[in-house]
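The structure appears right after this line, and notes come after that.
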Amino acid sequence: MAGWIHMVTARTPTNIAVIKYWGKRDESLILPVNDSISVTLDPEHLCTTTTVAVSPGFDQDRMWLNGKEISLSGGRYQNCLREIRARAEDFEDNERGIKIAKQDWQKLRVHIASYNNFPTAAGLASSAAGFACLVFALAKLMNAKEDPSQLSAIARQGSGSACRSLYGGFVKWIMGKEENGSDSLAVQLVDENHWDDLVIIIAVVSSRQKETSSTTGMRDTVETSMLLQHRAKVEVVPKRIVKMEEAIQNHDFSSFAQLTCSDSNQFHAVCLDTCPPIFYMNDTSHRIISCIEKWNRSEESPQVAYTFDAGPNAVLIARNRKTAALLLQRMLYFFPPSADTDMSSYVLGDKSILK
Ligand code: PMV
């Protein structure tokens, strides 16, 4: 291999939508039919680590995901690589005698190694962390000077939800109006310290890969679901977005929980309203919902919010640490992880509740 290698490693957490993105108005640019809001998880637990390397000895772009080589020929990877290469700047490392001129990036090939510390494609938003991390690492490698919002518009072209992982805290993906997608990007609503009482616990109901990918599912939904048309109306998701922003700003857990649970339930109703119907949740997911609903109804105000992405795993958001400890106790009692049940484990957003 000729000469030198220049490498960058980045780590990016996944995010979980509390107001869901489901449905594209443009499939190749990945432009959504509505705004969405998510919370970025703590990087300790569910994250992707990606190392990108460039060397004059590399003769083609290559990528390994969790140690297995994957093809980069798909449009999503190609879009991200092309967009970052177009923004690459001169790079110099005098100590190691490396000098890369802006125009050289077009010819130089990269190698990418990416690892998820959680199950891939099991409805735990692995593609969100994956593409956000890839775009961030490539931008650092190629010295591209874009801000996180501009990078989010590039990550969006890898996987829609990835655009929201470029920031911590609560993040909004603005659907945008432009046909070329230039204004479809993520902005941070509040940072990770704004509402640090919240504790997130993920019940890994199944770590198997989902049967219907979000790409296929969204396509079928857009083509067949009347309920999706209803979601896009001003008084449904756009109104929820405004209310969710207020709830987050005011630390209003009751509204936050009510909006989060309703939007998750409506997203899964939209999936059922699709032809052929899509079943992401299973019996255990439904039992978890019942358990949380009963608990919330027995208290003066909601204690826990639940939300499910494109899979059966429950993301549970407790209003504070005390509730989180109780939640974990109840969950372990009613849904003990074991080989005989379909609960495999819990992932904690905050380890300190176990103390
Ligand atoms: O970005 P994708 O194609 O993985 O779609 C994600 C869709 C949901 O996770 C179900 C919702 C969301 O807003 O993240």
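Numbers at a glance
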item	result
Yes/no for LYS20 being under 22 Å from TYR280 (Cα atoms) and in contact with a Pro (Cβ under 7 Å, 6 or more places away or on another chain)	no
Condition check for GLU69: assigned to a strand (DSSP E or B), surrounded by fewer than 18 Cβ atoms within 10 Å (Cβ to Cβ) and of a type outside the set (Val, Ile, Thr)	yes
Lone unmet requirement of (1) within 16 Å of the ligand (Cβ to nearest atom); (2) surrounded by 14 or more Cβ atoms within 10 Å (Cβ to Cβ) for HIS111	(1)
Test: residue in segment 76-85 that is in contact with a helix residue (DSSP H, G or I) (Cβ under 7 Å, 6 or more places away or on another chain), farther than 21 Å from ALA129 by Cβ and within 16 Å of the ligand (Cβ to nearest atom)	no
Residue list for segment 180-207, filter: more than 30 Å from PRO336 (Cα to Cα), in a loop (DSSP other than H, G, I, E, B) and touching a strand residue (DSSP E or B) at 6+ places or on another chain (Cβ under 9 Å)	GLY181, ASP183, SER184, ASP191, GLU192, HIS194
Helices (runs of 4 or more DSSP H) enclosed by segment 74-179 - at least 2 residues per element that are of a type in the set (A, V, I, L, M) and under 30 Å from THR307 (Cα atoms)	126-141, 148-155
Residue count for segment 14-39, restricted to those that are buried (at least 21 other Cβ atoms within 10 Å of the Cβ), within 9 Å of the ligand (Cβ to nearest atom) and over 14 Å from the mean Cα position of the chain (by Cα)	2
Unique match (being more than 14 Å from the ligand (Cβ to nearest atom) and either more than 25 Å from VAL315 (Cα to Cα) or not basic (Lys, Arg) (or both)) among ALA155, ALA144, ALA132, ALA128	ALA144
Selection within segment 124-150 - under 15 Å from the mean Cα position of the chain (by Cα) and of a type in the set (A, V, I, L, M)	LEU124, ALA125, ALA128, ALA129, ALA132, LEU134, VAL135
Single unsatisfied condition, ARG11 versus (1) away from the ligand (no atom under 16 Å from the Cβ); (2) more than 15 Å from the chain's Cα centre (by Cα)	(2)
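Since every read-out is calculated from the coordinates, none of them should be taken as a lab result. Here the structure is a predicted model, which is why all the values come from computation and not from measurement. Positions of Cβ are generated from backbone atoms using ideal geometry, with glycine treated the same way; all protein chains shown enter the neighbour counts.
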